[in-house]
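Step one of this worksheet: look at the structure below.
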Amino acid sequence: MNTTHVDRLVGNRLKYIRTNHNLSVSELALSAMLSVDEYKSSEAGARRFRAAELFRIAKKLNVSMADILTVLDRSSSAVVDENR
């Protein structure tokens, strides 16, 4: 599966939220039921997060899915360009 600019945006957003909550990569990886390497790869945008993983991460961070994906609203032109 090829990753996209959107995957990098979501990963960057999660890293921002994670660091603001003072949580480690290993803590969120455990919550998402991922290995640390899988989580790091996803946060870097090299691996796509699955919806269930994002849901578990949002629950651990006590944020909504919208809080995670709001970055896409601000970058809607990037999303549109990828869908062409």
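All of the numbers you see were taken from the coordinates with simple rules; none came from a lab. Quick caveat: nothing in here was measured; it's all calculated off a predicted structure. With ideal geometry, Cβ positions are generated from the backbone for all residues, glycine too; neighbour counts draw on all protein chains shown.
Ellipsoid semi-axes for region 5-77, based on the Cα gyration tensor and the rule √(5λ), read 18, 13, 11 Å when sorted largest first.
This model, with +1 at the C-beta of Lys and Arg and -1 at the C-beta of Asp and Glu, gives region 5-77 a dipole about its Cα centre of some 40 debye.
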